[in-house]
1. Which residues, counting only those in the stretch A:1-17, are within 15 Å of A:Ser50 (Cα to Cα) and not hydrophobic (A, V, I, L, M, F, W, C)?
2. Quick one: A:Thr145 ticks every box in (1) surrounded by fewer than 22 Cβ atoms within 10 Å (Cβ to Cβ); (2) in contact with a Phe, Trp or Tyr (Cβ under 8 Å, 6 or more places away or on another chain); (3) under 22 Å from A:Asp13 (Cβ atoms) bar one, so which box is it?
3. Taking the stretch A:303-316 as the region of interest, how many residues are away from DNA strand B (no atom under 11 Å from the Cβ) and surrounded by fewer than 21 Cβ atoms within 10 Å (Cβ to Cβ)?
4. Being surrounded by fewer than 18 Cβ atoms within 10 Å (Cβ to Cβ) and either within 16 Å of DNA strand B (Cβ to nearest atom) or at pLDDT below 95 (or both) is true for just one of A:Asp471, A:Asp503. Which residue is that?
5. What is the one condition in (1) surrounded by fewer than 16 Cβ atoms within 10 Å (Cβ to Cβ); (2) modelled with pLDDT under 95 that A:Thr140 does not satisfy?
6. Only one residue in A:Thr271, A:Thr328 is of a type in the set (Ser, Thr, Tyr) and either farther than 19 Å from A:Thr497 by Cβ or in contact (Cβ under 8 Å) with a residue 60 or more places away in the chain (or both), so which one is that?
7. Pairs needed: first member in the stretch A:5-25, under 17 Å from A:Val122 (Cα atoms) and touching a residue at least 60 places away in the same chain (Cβ under 8 Å); second member anywhere, within 16 Å of DNA strand B (Cβ to nearest atom) and part of a strand (DSSP E or B); C-beta distance under 6 Å; at least 6 residues apart or different chains.
8. Report yes if some residue within the stretch A:80-88 is over 33 Å from the mean Cα position of the chain (by Cα), more than 9 Å from DNA strand B (Cβ to nearest atom) and not assigned by TED's automatic domain parsing to the domain that holds A:Asp575; otherwise report no.
Amino acid sequence: MSNGPELIITEKDNAARRIADILSGESAEAERVNGVNVYKWGGKRCIGLSGHVVGVDFPPEYNDWRDVEPVELIDAPVAKHPTQENIVAALRRLARRARRVVIATDYDREGELIGKEAYELVREVNEDVPVDRVRFSSITQREVTEAFENPDELDFDLAAAGEARQIIDLVWGAALTRFLSLSARQLGDDFISVGRVQGPTLKLIVDREREIDAFDPEDYWELFADLEKDSESFEAQYFYLDEDGNEAERVWDGDDAETAYETLREAETATVDSVRRRTRTDDPPAPFNTTQFIRAVSSIGYSAQRAMSMAEDLYTAGYITYPRTDNTVYPEDLDPRELLGEFTANRTFGEDAEHLLEQEEIEPTAGDNETTDHPPIHPTGELPSRADLTEDEWEVYELVVRRFFATVAESAEWEHLRVVADANGLSLKANGKRLVKAGYHDVYPYFNSSESFVPDVDEGEELVVTETSIDAKQTQPPRRYGQSRLIETMEQMGIGTKATRHDVIQKLYDRNYIESDPPRPTRLARAVVEASEEFAELIVSEEMTAQLEADMQAIARGEATLDDVTEESREILEDVFEGLMESGDEVGKHLQKSLKADKTVGSCPESDHDLVIRKSRRGSYFIGCDGYPDCTYTLPLPSTGKPLILEEECEEHGLSHVKMLAGRKTFVHGCPLCKAEEADEEEDLVIGTCPDCGEEHGGELAIKRLRSGSRLVGCTRYPDCDYSLPLPRRGDIEVTDEECEEHDLPEIRITYEDSDREPWELGCPICNYREYQAEQVDGDELQSVKGIGAKTAEKLKDAGIDDVPSLKEAEPDALADLMDGVGPDTVRKWQSAAD
DNA sequence: GCAAGGTC
């Protein structure tokens, strides 16, 4: 037997580092093998993978979409090949000499498969080395040491269950994706995809849109009265008992409503019939798993994608635990008092932490999901200072800290007061609620804890009716799913995983299946769902995952084999293709029609064709005639954002309004033809003399708007004189009375009508442009230092370093503190390079 | 260039 090192393999570098620290008593040292971190101590090495380092795919001869019939993919061979070459190479190098290998990947099904993949790579270069498996659900001293003291074996059945999933997903996904794309002739970037998870997710969105389309609003009325006691007024609502004896507030008949309102209006007083008081306990929330974390972050205004990317950054920086988890129960190892203790000295959290520590007993809440994968998301106890994080990241970090606080805080208590009164024979009710004990709301302000006031009244008491009203309303269609609701629903349906659900939604955006936020399906999405429902129902049904889960469990229990399950799945797909291939042309036409409809803005005013949104070779959008090159009619679109066609149409031109999606800078452009006409009519506003040709030829400087929507200060003698100065794209340009003494030009202010943004005093356009150029030069100057690129120069500027002299003077430790991913040694390197 | 699942 070799006397080489013992090799420990984890799922990711971060876990490798922490496990090495625990097992070595912090004595492990990092070295690089093939550019991969390896932690080394005694006779041991620990390497972290990057999740799957091998992937499944078809052999290269199946790569060409046009040469291979999609149906052939069903029985095509599927092979594994390395996807992370450097890690695979490093692993092989270490495994060759190892005397023992320990697989320490995550404790879940995918972790077992990743472990088996590592096992196979090890076996390729070392046939005899013993391979053990350790399992722990949180990386703590106790769990890790215990796991390593009691090693187990790899569960090959569980790994095979995961492999079955990989194969089925690839075969179904690739065959159907290629079929749909080929039938609609969408090859290249705009292919049409379907899959086991994206399919049902898309159907969920499309089904909701169908409900909205089919919705027929109904009129109803609601009646209200303001009641007064001791000059304190509160609102009560009319109700009656319906046929089933249930309380109802909505009056569905207009005449009935009118009659009731006449009666109510005549009432001068109302007599209290009943008063009911109840105290309700409001328990603190459970610890965060990924889904609940995303939900909470989206309630403070961030997308699911952004929530996860910020969580990732906070995790890698060491401030919060692993963000991808299903678990909502803290591990036993977590000592809430100890963790709270880490916050007592902090400016933001100290006071709350102290209060919580004053509780006699601290028993954290627990949710319904107890899993082995990772602990719930909580702060690690290593605290960032505010300057270490961006404002957004701080907000998310604070949320995670406060959620942890909430889970160890006391319950809140509400007092509900329900008053029923009689006004002229009509029943009125009022519900008040008061927070009598704030409990966890004191440390977790993200839930609504607003009170509604109803005064203390007694039965039989007479109240004055001060005001009455009747509201005509309509029933509303169901609301579209927001991103976090979608993720919650996917979790309930059992599709996707904690680590992929938000990516799936992003994928639907990338495929042009959904637009805007909350997501709205395109015509293409409807057509894809319709075609799937007709010919491949399983791919848009949650049943496919349910069946697969059952099969995987059978494999994991040893009751079925990988081959049984994948073979059966291939047979089902064969059947699907029989129907599909017969109707290929029809399906393709339908998809193509929908693709066209998604781009169409209206009819061309100069020919019989449609006007469609197109993309220029440079990547900008414009509107062009579908009859091109016979008809060359075009209309410009703003250069910021991606155009979204709205349902609203221009009354004058019959064209759809267009909205430009650009994150927070999203705005409605309106009718593109109206906009183009406005731009043509707008007269150039002269603000001064042209510095280039004013004296000689009398050229003047004017504020101009180009047809593309962009604006500039340019010479009126253009194109004879091309003097120009840039102006910002967004905001309204205001010419002030102030004048620049140096250039005899008025100062300019930019205001933002449709946002809360403060006006920008741009000043004299010439001075402004010079300053801008000077900044560019500064940036270039920093970039002249070896090791500093454009991005780093930007970061340096954020840290207050504008030029080389200030870089040289900077204190390396202080500067490194201000910059993400930069250490003091790097700063010293720059400083010596600048000499 | 297809899926879904890891991780960054």
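The values are calculated or read from the model by the stated rules, or taken from the named source; none is laboratory data. Given the structure is predicted, the values throughout are model-derived calculations rather than measurements. Cβ: placed from backbone, ideal geometry, glycine included. Neighbour counts: every protein chain shown. Side chains included, ligands, DNA and RNA excluded: accessible areas come from the protein's heavy atoms. Shrake-Rupley method; radii C 1.70, N 1.55, O 1.52, S 1.80 Å.
1. Our first condition is that a residue be within 15 Å of A:Ser50 (Cα to Cα); within the stretch A:1-17, this holds for A:8-17.
Once the filter is applied, which keeps residues that are within 15 Å of A:Ser50 (Cα to Cα) and not hydrophobic (A, V, I, L, M, F, W, C), the stretch A:1-17 yields A:Thr10, A:Glu11, A:Lys12, A:Asp13, A:Asn14, A:Arg17.
2. If we test A:Thr145 against (1) surrounded by fewer than 22 Cβ atoms within 10 Å (Cβ to Cβ); (2) in contact with a Phe, Trp or Tyr (Cβ under 8 Å, 6 or more places away or on another chain); (3) under 22 Å from A:Asp13 (Cβ atoms), just (2) comes out false.
3. Within the stretch A:303-316, the first condition is being away from DNA strand B (no atom under 11 Å from the Cβ), and the residues that meet it are A:303-307.
Retained after the next criterion (residues that are surrounded by fewer than 21 Cβ atoms within 10 Å (Cβ to Cβ)): A:303, A:305-306.
Here the count works out to 3.
4. Numbers: A:Asp471 fails: either within 16 Å of DNA strand B (Cβ to nearest atom) or at pLDDT below 95 (or both).
Result: A:Asp503 is the single residue among A:Asp471, A:Asp503 that is surrounded by fewer than 18 Cβ atoms within 10 Å (Cβ to Cβ) and either within 16 Å of DNA strand B (Cβ to nearest atom) or at pLDDT below 95 (or both).
5. With (1) surrounded by fewer than 16 Cβ atoms within 10 Å (Cβ to Cβ); (2) modelled with pLDDT under 95 applied to A:Thr140, the lone miss is (1).
6. Working: A:Thr328 fails: either farther than 19 Å from A:Thr497 by Cβ or in contact (Cβ under 8 Å) with a residue 60 or more places away in the chain (or both).
After ruling out the rest, the residue left standing is A:Thr271.
7. Qualifying pairs under 6 Å: A:Ile8/A:Cys46; A:Ile8/A:Ala104; A:Ile9/A:Ile47; A:Ile9/A:Ile103; A:Thr10/A:Gly48; A:Thr10/A:Ala104.
8. Going residue by residue through the stretch A:80-88, those that are over 33 Å from the mean Cα position of the chain (by Cα) are none.
No, the conditions are met nowhere in the stretch A:80-88.
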